[in-house]
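To keep things clear, I will list the structure first and then write my remarks on it.
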Amino acid sequence: MTSEQTAGHTLGDVGEFGLIAQLVAHFPQGEHVLVGPGDDAALLRVKQGHVVVSSDLMVEGRHFRRVWASGYDVGRRAAAQNLSDINAMGGRAHSLTISLAAPADLPVAWALELAKGFSEECALVGASVVGGDITRAEEIVVAVTVLGAVAQAPVLRNGAAAGDVLAIAGRQGWAAGGLAVLGRGFRSPRVLVEAYRHPEPPYDAGPAAAAGGATAMIDISDGLLAEAGHLASASGVAIDVRTAELEVPEPLHAVAAATGADPVSFVLGGGDDHALLATFPAGTPLPTGFRAIGTVAEGQGVTVDGAPYAGAAGWTHF
């Protein structure tokens, strides 16, 4: 059945293999793919370097709500959060698998929009969807595994040293502002709502940081301070974030004024923008796109402007 023939149909109407046939059409294959969707497993051509692998989940009601985000939006977000993990190692994603669990009454159109958004985000880095799975469930669950390559030594979380500079690449706090707006039943400032629906990870910044001498790096999935805490813990150092160096765009000030929040709190504790947080030796020219926002010293933990932070450091799942 074609997309036109299944208009208005649900997953229960078209069945597992009818849906798979339509989904596969959304995923072009790169030259590194020897066997893509359709066999028991994909077969990829691996060149020299390191292989990096990550996986993530998106669960309806926990990570997204259909009243706030379309299938296309969920696809973009699901791809971005996985591609960003490879970026944070200094690599480039090349292959992904995506699995979908969904109710039988889910419209086919929603699943196809999910595939479209996922495919378009993957195209930004030239990555291919090489397989996946579909099953029935009471709620929508999107599970993704991503593979990538790192030409040089991957940048881990445990390499930061006293004296390093803490730097960030990409926008931060925008998605949190958008979520705050949506949570109150509004749709503006639209730029923040769109930032929540369609993250813009700095995909070129990861490899640039690795080539530029980054000592440690992580993507900001759950909050700037939360991720800085992961770097500090893994590296056995203390990190101080300077709020004067943070970029707080005007739309965040507008949302803060409307909600009674501190605009800086969106930047410090917000997630889902997938900016990169990295450390570099003092005196090292920062790669294009990075800006210094703090320092690394001996000790442990994370402070803000030299003092403990009383607000939320980021998202926690439990």
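The single condition among (1) without any contact (Cβ under 8 Å) to a residue 60 or more places away in the chain; (2) surrounded by fewer than 19 Cβ atoms within 10 Å (Cβ to Cβ); (3) within 18 Å of the chain's Cα centre (by Cα) that Gly185 does not meet is (3). In a loop (DSSP other than H, G, I, E, B), small (Gly, Ala, Ser), in contact with a strand residue (DSSP E or B) (Cβ under 9 Å, 6 or more places away or on another chain) and over 30 Å from Arg62 (Cβ atoms): does that describe Ala313? So Ala313 does not fit the description; no. Contact map, segment 49-72: first residue assigned by TED's automatic domain parsing to the domain that holds Val142 and of a type outside the set (Asp, Glu), second residue at pLDDT below 90 and surrounded by 15 or more Cβ atoms within 10 Å (Cβ to Cβ), Cβ cut-off under 7 Å, separation 6 or more or different chains; pairs are Gly49/Val150; Gly49/Ala151; His50/Val150; Val52/Val150.
Residue count for segment 14-39 satisfying the condition of being among the polar types (S, T, N, Q), crowded, with 18+ Cβ neighbours inside 10 Å and closer than 20 Å to Gly126 by Cβ: 0.
Here Gly170 meets each of (1) touching a strand residue (DSSP E or B) at 6+ places or on another chain (Cβ under 7 Å); (2) over 24 Å from Gly15 (Cα atoms); (3) surrounded by fewer than 17 Cβ atoms within 10 Å (Cβ to Cβ) with one exception, condition (3). Taking the condition crowded, with 22+ Cβ neighbours inside 10 Å and without any contact (Cβ under 8 Å) to a residue 40 or more places away in the chain, does Val237 pass? Spelling it out, it is not the case that Val237 is crowded, with 22+ Cβ neighbours inside 10 Å and without any contact (Cβ under 8 Å) to a residue 40 or more places away in the chain.
Pick from segment 216-266 the residues that are out of contact with any helix residue (DSSP H, G or I) (no Cβ under 9 Å at 6 or more places or on another chain) and among the hydrophobic types (A, V, I, L, M, F, W, C): which of them is nearest to Arg291 (Cα to Cα)? Only one residue tops the list, namely Ala244. Mind checking which residues of segment 108-131 are over 17 Å from Ala80 (Cβ atoms), buried (at least 17 other Cβ atoms within 10 Å of the Cβ) and touching a helix residue (DSSP H, G or I) at 6+ places or on another chain (Cβ under 8 Å)? If the condition is that a residue be over 17 Å from Ala80 (Cβ atoms), buried (at least 17 other Cβ atoms within 10 Å of the Cβ) and touching a helix residue (DSSP H, G or I) at 6+ places or on another chain (Cβ under 8 Å), then Val108, Trp110, Ala111, Leu112 are the ones that fit. In the list Val52, Val46, Val33, Val14, which residue meets the criterion of being among the β-branched types (Val, Ile, Thr) and farther than 18 Å from Leu147 by Cα? Result of the check over Val52, Val46, Val33, Val14: Val14. What about Thr259, is it in contact (Cβ under 8 Å) with a residue 40 or more places away in the chain and more than 27 Å from Arg184 (Cβ to Cβ)? So Thr259 fails the test. Restricting attention to segment 205-231, the residues that are modelled with pLDDT of 95 or more and either of a type in the set (S, T, N, Q) or under 17 Å from Pro281 (Cβ atoms) (or both) total 11.
Say whether the condition of being polar (S, T, N, Q) and either modelled with pLDDT under 90 or out of contact with any helix residue (DSSP H, G or I) (no Cβ under 8 Å at 6 or more places or on another chain) (or both) is met by at least one residue in segment 29-45. The answer is yes, given that some residue of segment 29-45 is polar (S, T, N, Q) and either modelled with pLDDT under 90 or out of contact with any helix residue (DSSP H, G or I) (no Cβ under 8 Å at 6 or more places or on another chain) (or both).
Only one entry in Thr303, Thr259, Thr288, Thr295 is under 18 Å from Met89 (Cα atoms) and of a type in the set (Val, Ile, Thr), namely Thr288. Out of the residues in segment 270-318 that are of a type in the set (Gly, Ala, Ser) and surrounded by 22 or more Cβ atoms within 10 Å (Cβ to Cβ), state the one that is farthest from Asp219 (Cα to Cα). For segment 270-318, the residue satisfying everything is Gly294.
The values are calculated or read from the model by the stated rules, or taken from the named source; none is laboratory data. Because the structure is a prediction, the values reported are computed rather than measured. Quick reminder, even Gly has a Cβ in these numbers, built from the backbone with ideal geometry, and neighbours come from all protein chains shown.
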